[in-house]
1. Need at least 2 residues that are closer than 22 Å to residue A:139 by Cα per element, so show me which helices (runs of 4 or more DSSP H) inside segment B:106-184 make the cut, counting only ones lying wholly within it.
2. Quick one: would you say residue B:97 is modelled with pLDDT of 95 or more, within 14 Å of another protein chain (Cβ to nearest Cβ) and more than 15 Å from residue B:181 (Cβ to Cβ)?
3. For residues that are assigned to a strand (DSSP E or B) and touching a strand residue (DSSP E or B) at 6+ places or on another chain (Cβ under 7 Å), tally how many sit in segment A:108-131.
4. Determine, yes or no, whether residue B:49 is more than 10 Å from chain A (Cβ to nearest Cβ), at pLDDT 80 or above and assigned to a helix (DSSP H, G or I).
5. Which pairs turn up if I take residues in segment B:176-199 that are more than 7 Å from chain A (Cβ to nearest Cβ) and look for partners that are outside any helix (DSSP H, G or I) and at pLDDT 85 or above with beta carbon separation below 8 Å, at least 6 apart in sequence or on another chain?
6. Scan segment A:91-107 for residues that are in a helix (DSSP H, G or I) and closer than 10 Å to residue A:132 by Cβ and jot them down.
7. Looking at segment A:51-62, which of the residues that are touching a helix residue (DSSP H, G or I) at 6+ places or on another chain (Cβ under 9 Å), in a helix (DSSP H, G or I) and over 16 Å from residue A:256 (Cα atoms) is nearest to the other protein chains (Cβ to nearest Cβ)?
8. Select, from B:101, B:157, the only residue that is farther than 25 Å from residue A:211 by Cα and surrounded by fewer than 22 Cβ atoms within 10 Å (Cβ to Cβ).
C-alpha cells in the first residue's frame, strides 16, 4: 500500500472537516450570545468588526480584543477552541507585518546585530506591528463568536431576515448541506485508491493519477448535482419557505445592544 | 489568498463589496434563464465539490505541497457567470463556516477569487482553446490566479492599515503567484484532461474536440 500527499491530506482534511461540521455543539450551550437573536447578533458583531477595523489606537484595540474574550467567556465558548481560532490566523499576520518594526522611521528601541548588518527596531514600528496583530485578533475573535455561538441555519435565517438575495442564500445552504457528503466521498475514493496501489509512483505518474482522481471526483459531484437538480424539479423546486420561529427580544438582546452601542460611542468619542 | 479583517481600510473593503455585488448581480441576471430554482442544487453541489477539492494538497518536488483553488476550472466547467456565482458561494461558505477570510472584507475576497480569477481565467481559456485545449486550461489556471493575487495586492497596497507600499506588495504578491500559479495551472490542466477523457459532454463545445470526434 502506497500513501502519497494527496492520500494523507484527504484523510486529514476529511477527518478535521467532518469533526468541525459535526461537533457544532457550542451553539447549543446556555450562554450569553446563544440567547441573543441571530439578527441582532449578526448586526452587532459585524458592527464590532467595523469599529475594530477603523481603530488605530493600541489601547482601544486591546480593549476590543478584551471585549471579544469577555463575550467568549460569557458565552461559555471553550477557551482552547477560542484561543486556537484566534491564534491560527493572527500568527501568520504578525509575521507578514513584523518587518515594519525595523522599516518604520522613529526613535530606536533596540539594535539587532546580524552577521551582515545591524537592524534598528523603532518605537513606531513595534507599536504598528502590535496594533496590527491585535486588530486582526479582535476581528477574528468577533467573527469566531458569530460562528461558534450560532447554528448555521440561524446565520442563514438572519441573512434572510436582512433581505439578502434568496438565490445567494439557497446556494450557500445547498453547498453547506452537501459538504459533509463530499468529504466522505473523498475519503471513500482515497481508501479505494490506496487499497489498489502497491508500488511507489514517480512524481509525473502521481500527478497524472491525482488528476484522474480529482477529475473523477468532479464528475461524481456533477452527476450527483444533476440528480439532485432533477429531484428538486420533480418536487416543485428548492425555494426555501422558512417557518417563522418567533424569538422574543429578551434581556440578552438588550444587554448585547448596550455593549455594541458602548463600543461604537467609545470609538466615536476617541476620534 | 484570503484577506482577513483588519488588513484593508473600510473604504477599500466597501468599494470592493459594491463592485462584487454589482458583478454578481449582473452574472445572476445573465444566467437567469439557466439558473432557475430547480437548477440551483447543481451549482450548489459543484460549489461543495470545489470547496472539498480546494482542501487537498498536491505533491511537489522535495516533499512540499500546494493546493488547488479552482476558479479557472469552475469558469471552464460552468461558464464565467455560473463559475463566478459558484466560487462566490465557496468563498462565502469558507468565511461563514470555517472563518477563512473576514466578514467585512468578504466583498474583497469574492472580488479577487470569484470575479477576477474566474473572468480572467475564462477569457484566457477562450482565447487559447482553439489552438490547444490543455495548454489553454493550464494558462487559464496560471494567469487567472496571478490576476486574482494582483487584485488583492492592489487592495492591500491602497489600504493605510497595511503599511507596505503599493509597488512592494504588487511586486511580492505578483511574482510569488506568477511562480505558484504554475502549480495551479498544472492542476487545472491535469483535471481538465481527466474530465475531457471521461465526460467531454459536460464541458462546453470546442472546435478541436469536435474535429477529433
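The values are calculated or read from the model by the stated rules, or taken from the named source; none is laboratory data. Note that the coordinates shown come from a computational prediction; the quantities given were computed from them, not determined experimentally. Here Cβ is always computed from backbone atoms with ideal geometry, including for glycine, and neighbour counts include all displayed protein chains.
1. So the answer is B:106-110, B:133-158.
2. no
3. 10
4. Spelling it out, it is not the case that residue B:49 is more than 10 Å from chain A (Cβ to nearest Cβ), at pLDDT 80 or above and assigned to a helix (DSSP H, G or I).
5. B:188/B:70
6. A:93, A:94, A:96, A:97, A:100, listed by residue number.
7. Filtering segment A:51-62 for residues that are touching a helix residue (DSSP H, G or I) at 6+ places or on another chain (Cβ under 9 Å), in a helix (DSSP H, G or I) and over 16 Å from residue A:256 (Cα atoms), the one nearest to the other protein chains (Cβ to nearest Cβ) comes out as A:53.
8. Only one candidate passes the filter, namely B:157.
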